[in-house]
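Report on the following structure.
Values in this text are rule-based calculations from the coordinates and carry no lab data. Keep in mind it's a predicted model, so treat the numbers as computed, not measured. Cβ atoms come from the backbone with ideal geometry, glycine included; neighbour counts cover every protein chain shown.
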Amino acid sequence: MPERPKPIPQVLAELWELVVAYARQETLTPLRSLGRVVALGSAGSLLVGIGAVCWGIGVLRLLQAETGTTFDGTWSFVPYVAVTVLLVVGGGAVFALGTRDRSGRRG
């Protein structure tokens with residue numbers, strides 16, 4: 001004797017449970033993992049930014065203190081320009097390293 005099909009309300013309930021379980025598995029779990037990665041990345045970026053600012057101030061004060069009277073008067077802007085150039089070059093180097101692919105080529 002052939003098996004009777006399940007009643008429609010039971011099939012709909014099972015379908016709903018299947019859809020909810022699939023949505024949790026394929027969306028919520030990866031989004032939680034992504035949230036953790038974004039949080040750690042943001043914290044790391046903040047710390048690197050603070051480190052770059054401290055490094056820049058340190059190099060600026062080093063240039064101002066150890067060069068004697070070389071950068072006095074009308075040349076007092078030179079240490080600021082030098083540190084700005086160093087920070088921009090360093091940022092460009094980090095950007096270039098971050099945007100290259102695994103084989104070392106930019107892309």
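Miscellaneous remarks
- In degrees, nearest ten, helix 78-99 long axis to first principal axis of the chain (Cα): 30 degrees
- Whole-Å distance, taken between Cα centres, linking the range 76-95 and the range 7-40: 49 Å
- On Cα atoms only, tilt of 29-66 relative to the major axis of the chain in degrees: 0 degrees
- Rounded tilt (10° steps) of 8-23 against the dominant C-alpha axis of the chain: 20 degrees
- Calculated [θ] (222 nm, deg cm²/dmol) that DSSP helices of n ≥ 4 give over the chain, each run adding -39,500 (n - 2.57): -25000 deg cm²/dmol
- Virtual spin-label span in nm between Ser42 and Thr74, 7 Å along Cα→Cβ: 4.9 nm
- Cβ charges +1 (Lys, Arg) and -1 (Asp, Glu), total dipole of the range 8-99, debye: 80 debye
- Farthest positive-ward along the chain dipole, Cα basis, beta-carbon charges - from Phe95, Leu31, Val48: Leu31
- Calculated FRET value between Val89 and Gln25, using beta carbons and R₀ = 41 Å, to 0.05: 0.35
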